[in-house]
Amino acid sequence: MNINSPNAAEVSALGYSAADHPKPFANDNAPTKVLRFEGSFMNFSRQFLILLLAFVASVSIARSAVAAQAYVIADAQTGYILEEQEPRKKLQVGSLTKIASASVVLDWAERKSGELNQVVTIPQQAFVGITENHIGFQPGDSITLRDLLYAALVQSDNIAAYTLAHHVGSQLGSLLPSEVSSKFTPVDAFVAQMNALAKQLKMERTRFVNPHGIDYKVKPVPYSTAEDMARLTRYAMSKASFRFYVSQKERQISFNRAGQQLNYMLRNTNELLGKMGIDGVKTGQSARAGQCLILYANRESQVVRQGQMETVYPRHLMVVLLGSTNRFGEGGSLLQRGWQLYDQWAASGRVADPKKLL
């Protein structure tokens with residue numbers, strides 16, 4: 001990996017720009033916030049004080065029960081942070097890195113007419129530093145980019161993530177000026193796009209150094225924060241294709257070896273998928289990172305009627321958990337806590353402090 005690569009902003013082959021911002025779900029229009037005051041000011045003040053005291057008390061309970069190094073709970077629709085702990089602490093995130101890798105691949109497919117059904121060959125370099133190979137890939141196996149995406153996102157396969165980066169990076173390198181592309185390997189070019197995307201999303205405390213998140217004997221060390229990973233995940237989940245990949249509990253993929261088709265059933269590493277309204281997104285783990293987890297959960301949209309007007313509020317909640325020793329236990333607890341906070345926030349009019357927006 002070329003660690004002295006040009007600045008990410010100088011090598012964005014996909015047109016990433018810091019002026020762009022994540023969008024909510026494509027078919028969910030975020031409504032205008034409406035705050036209604038009913039009754040006397042005194043009654044409102046008393047209700048607000050009761051709500052505030054209950055909020056502070058419940059926050060203390062929730063935080064004392066979480067041993068993870070960092071977490072963020074946010075309304076995914078607006079990006080409003082409902083609760084956080086060490087949100088800007090630089091930590092390793094393991095395979096959560098693959099959210100960025102998949103986002104770059106999908107952006108390449110969308111913006112540069114990349115074909116995800118294209119068959120590519122798994123290179124020898126994809127096995128360097130790999131300690132697990134549950135699927136049983138071998139150098140020279142051929143497989144579609146689409147099945148590689150499933151392998152990377154559903155079962156968190158490192159070989160698949162590297163192969164995606166190698167192929168798409170070679171395509172992206174051809175879009176860069178020759179004096180820049182000559183300094184890059186295909187994977188370098190791909191990782192540069194990951195960092196360009198991070199810059200666009202204002203992930204100011206993030207550094208990606210490879211497409212899979214391996215951090216053992218890797219220099220420079222990759223890092224991110226709970227807040228930055230929330231920004232990235234919100235961007236990724238704005239894509240219907242990404243939402244579909246990470247919602248799959250199982251998925252059969254096929255690859256070819258010396259003319260023989262081999263099949264493998266992927267199983268999602270997210271044990272909470274399909275429970276508590278959870279429909280994504282990703283796990284991560286390493287000795288440095290500990291156990292990491294990002295969850296997305298949905299509830300039926302809330303309809304608020306005011307006279308003859310109806311406002312529909314989509315309800316999407318996101319939890320980012322880093323450095324845990326019990327990610328599924330803590331993740332589930334934080335999600336339950338998140339819905340309590342969401343209900344309190346909604347009841348008070350969904351007022352969002354701009355300083356607490358992702």
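The values are calculated or read from the model by the stated rules, or taken from the named source; none is laboratory data. This structure is a prediction, so every number in the text was calculated from the model and none was measured. Methodologically, a virtual Cβ is constructed for each residue, glycine included, from the backbone with ideal geometry; neighbour enumeration extends over all protein chains shown.
I'd like the residue in the stretch 65-114 that is of a type in the set (Asp, Glu) and out of contact with any strand residue (DSSP E or B) (no Cβ under 7 Å at 6 or more places or on another chain) and, out of all such residues, is surrounded by the most Cβ atoms within 10 Å (Cβ to Cβ). Break it down stepwise before answering.
Kept after step one, since they are of a type in the set (Asp, Glu), are these residues of the stretch 65-114: 75, 83-84, 86, 107, 110.
Narrowing the set further to residues that are out of contact with any strand residue (DSSP E or B) (no Cβ under 7 Å at 6 or more places or on another chain) leaves 107, 110.
Working: Asp107: 20, Glu110: 12.
Checking each candidate, the answer is Asp107.
Go through the residues of the stretch 245-266 one by one and say whether even a single one is hydrophobic (A, V, I, L, M, F, W, C), within 16 Å of the chain's Cα centre (by Cα) and either closer than 27 Å to Arg111 by Cβ or at pLDDT below 95 (or both).
yes
Can you tell me which residue among Thr163, Thr78, Thr97 is part of a loop (DSSP other than H, G, I, E, B) and either touching a residue at least 60 places away in the same chain (Cβ under 8 Å) or within 30 Å of Arg205 (Cβ to Cβ) (or both)?
On inspection, the qualifying residue turns out to be Thr78.
The conditions are (1) modelled with pLDDT of 95 or more; (2) closer than 28 Å to Ser324 by Cβ; (3) part of a loop (DSSP other than H, G, I, E, B), and Asn117 fails exactly one of them. Which is it?
So the condition that Asn117 fails would be (2).
I need the full set of residues from the stretch 90-105 which are among the small types (Gly, Ala, Ser) and touching a helix residue (DSSP H, G or I) at 6+ places or on another chain (Cβ under 6 Å), in order please. Walk me through how you get there before you give the answer.
Filtering the stretch 90-105 down to residues among the small types (Gly, Ala, Ser) leaves 94-95, 100-103.
Matches in the stretch 90-105: Ala100, Ser101, Ala102, Ser103.
Looking only at residues that are over 16 Å from the mean Cα position of the chain (by Cα) and not hydrophobic (A, V, I, L, M, F, W, C) in the stretch 307-322, which one is nearest to Tyr223 (Cα to Cα)?
Initial filter on the stretch 307-322 (over 16 Å from the mean Cα position of the chain (by Cα)): 307-315.
This time we only want the ones that are not hydrophobic (A, V, I, L, M, F, W, C), so: 307-308, 310-311, 313-315.
Details: Gly307: 50, Gln308: 50, Glu310: 44, Thr311: 40, Tyr313: 34, Pro314: 32, Arg315: 30 Å.
Here the answer is Arg315.
Does Met276 meet the test of being more than 30 Å from Pro139 (Cα to Cα), out of contact with any Pro (no Cβ under 9 Å at 6 or more places or on another chain) and either of a type in the set (Asp, Glu) or exposed (fewer than 13 other Cβ atoms within 10 Å of the Cβ) (or both)?
No; evaluated as a whole, the condition is false for this residue.
Please indicate, with yes or no, whether at least one residue in the stretch 160-172 is at pLDDT below 95, among the small types (Gly, Ala, Ser) and within 13 Å of His212 (Cβ to Cβ).
no
Please find, among Leu293, Leu321, the residue that is crowded, with 23+ Cβ neighbours inside 10 Å, in contact with an Asp or Glu (Cβ under 7 Å, 6 or more places away or on another chain) and either over 23 Å from Ser224 (Cα atoms) or aliphatic (A, V, I, L, M) (or both).
The conditions single out Leu321.
Test Ala126 against the criterion of being assigned to a helix (DSSP H, G or I), in contact (Cβ under 8 Å) with a residue 40 or more places away in the chain and under 30 Å from Leu335 (Cβ atoms), and give yes or no.
no
When only residues in the stretch 221-276 that are small (Gly, Ala, Ser) and touching a strand residue (DSSP E or B) at 6+ places or on another chain (Cβ under 6 Å) count, which is farthest from Met318 (Cα to Cα)?
Ser254
Looking only at the stretch 306-324, decide whether some residue is out of contact with any strand residue (DSSP E or B) (no Cβ under 6 Å at 6 or more places or on another chain), part of a loop (DSSP other than H, G, I, E, B) and closer than 24 Å to Trp345 by Cα.
Yes, that holds for at least one residue.
Taking the stretch 145-160 on its own, how many of its residues are surrounded by fewer than 23 Cβ atoms within 10 Å (Cβ to Cβ) and without any contact (Cβ under 8 Å) to a residue 40 or more places away in the chain?
Residues in the stretch 145-160 being surrounded by fewer than 23 Cβ atoms within 10 Å (Cβ to Cβ) and without any contact (Cβ under 8 Å) to a residue 40 or more places away in the chain: 1 in total.
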